[in-house]
Amino acid sequence: QVQLVESGGGLVQPGGSLRLSCAASRDGFSGYVMEWYRQRPGNPREWVGSISPGETTNYADSVKGRFTISRDNTKSTVYLQMNNLKVDDTAVYYCAGTYGTLQYWGQGTQVTVSS
């Protein structure tokens with residue numbers, strides 16, 4: 001069992017930045033595909049982006065150019081750097097780790113973008 005713990009959420013003004021972290025509880029993190037999802041109020045959960053074990057990244061069109069995913073395997077942590085935040089980015093953000101058929105989820109962290 002792998003536990004994923006997100007942190008770094010909070011309240012930020014439009015145009016601001018936040019960095020979310022997702023820390024994994026066990027070794028072997030480097031072999032996981034790590035993804036970020038979000039769930040905006042009244043909407044289904046949506047994929048934000050991913051980073052492979054080889055650090056290839058992919059992003060949803062809605063965040064491309066504003067969000068950056070990175071990982072530090074020495075700390076078993078993946079990051080989501082969010083810049084130029086918009087009110088529409090307000091959501092609960094979740095990280096997920098996938099290894100083969102196994103997938104683990106964090107509990108989510110709230111990001112609120114408001115003036």
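Nothing in this text is a laboratory measurement; each read-out follows from the coordinates by a stated rule. Predicted model only: the values in this text are computed from it and were never measured. Here Cβ is always computed from backbone atoms with ideal geometry, including for glycine, and neighbour counts include all displayed protein chains.
Data for the structure
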| read-out | value |
| --- | --- |
| Binned Cα-Cα distances of the range 57-96, short to long, each 5 Å bin given as a whole percent | 6, 18, 31, 24, 13, 6, 1 |
| Karplus-derived 3J(HN,Hα), 6.51/-1.76/1.60, for each residue of the range 103-111, Hz, glycine and proline x | 9, 10, 10, x, 8, x, 9, 7, 10 |
| Part-to-part distance (alpha-carbon centres) for the range 26-51 and the range 66-101, which is given in Å | 7 Å |
| Inter-label distance, nm, simple model (7 Å from Cα along the C-beta direction), Arg45/Leu11 | 2.7 nm |
| Cα convex hull of the range 26-84 - mean projected area over all directions, nm² | 4.7 nm² |
| Relative contact order for the chain, counting Cα pairs under 8 Å that sit 6 or more residues apart, in percent | 37 percent |
| Relative contact order, percent, the range 28-78 [alpha-carbon distance under 8 Å, six or more residues apart] | 30 percent |
| Among Ala60, Gly16, Asn43 - extreme Cα towards positive end, dipole of the chain, charges at beta-carbon | Gly16 |
| The chain - charge dipole about Cα centre, Lys and Arg +1 at Cβ, Asp and Glu -1, debye rounded to 20 | 120 debye |
| Computed log₁₀ I(q)/I(0) - Debye formula, equal Cα scatterers, no solvent, the chain, q 0.09 Å⁻¹ | -0.21 |
